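Notes follow the structure.
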Amino acid sequence: MHTMTAPAIPVVFDDKEIAGRQGYLTHLNQYHVINLDITGFISDATRMDIPLSNVPNMIADAIYILHV
């Protein structure tokens, strides 16, 4: 899991219809992006013998730690 700022987004959307709309560049890159590898949480839970029902809590805890 890692955070990244959104500068990579224009590369993804510049050739799409939305790129031609008013406000596209104004509102672009206003937020940070959090990429989560959900399968990593599932693998960790399985390896540590933690019930899969606890995975949402593991994800919430990881996100909380990022913002503290």
The helices (runs of 4 or more DSSP H) lying wholly within the chain that contain at least 2 residues that are at pLDDT 80 or above are 24-27, 38-47, 55-66
Going through segment 54-68 in order, the residues found to be without any contact (Cβ under 8 Å) to a residue 24 or more places away in the chain and either under 27 Å from Val12 (Cα atoms) or within 18 Å of the chain's Cα centre (by Cα) (or both) are Val55, Pro56, Asn57, Met58, Ile59, Ala60, Asp61, Tyr64, Ile65, His67, Val68
Checked pairs for segment 36-53, first in contact (Cβ under 8 Å) with a residue 12 or more places away in the chain and of a type outside the set (Phe, Trp, Tyr), second part of a loop (DSSP other than H, G, I, E, B) and surrounded by 11 or more Cβ atoms within 10 Å (Cβ to Cβ), C-beta under 6 Å and 6 or more apart or across chains, list as Leu36/Met1
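The values are calculated or read from the model by the stated rules, or taken from the named source; none is laboratory data. As the structure is a prediction and not an experimental result, all values here were calculated from the model. Ideal geometry is used to build each Cβ from the backbone, glycine not excepted, and the neighbour counts take in all protein chains shown.
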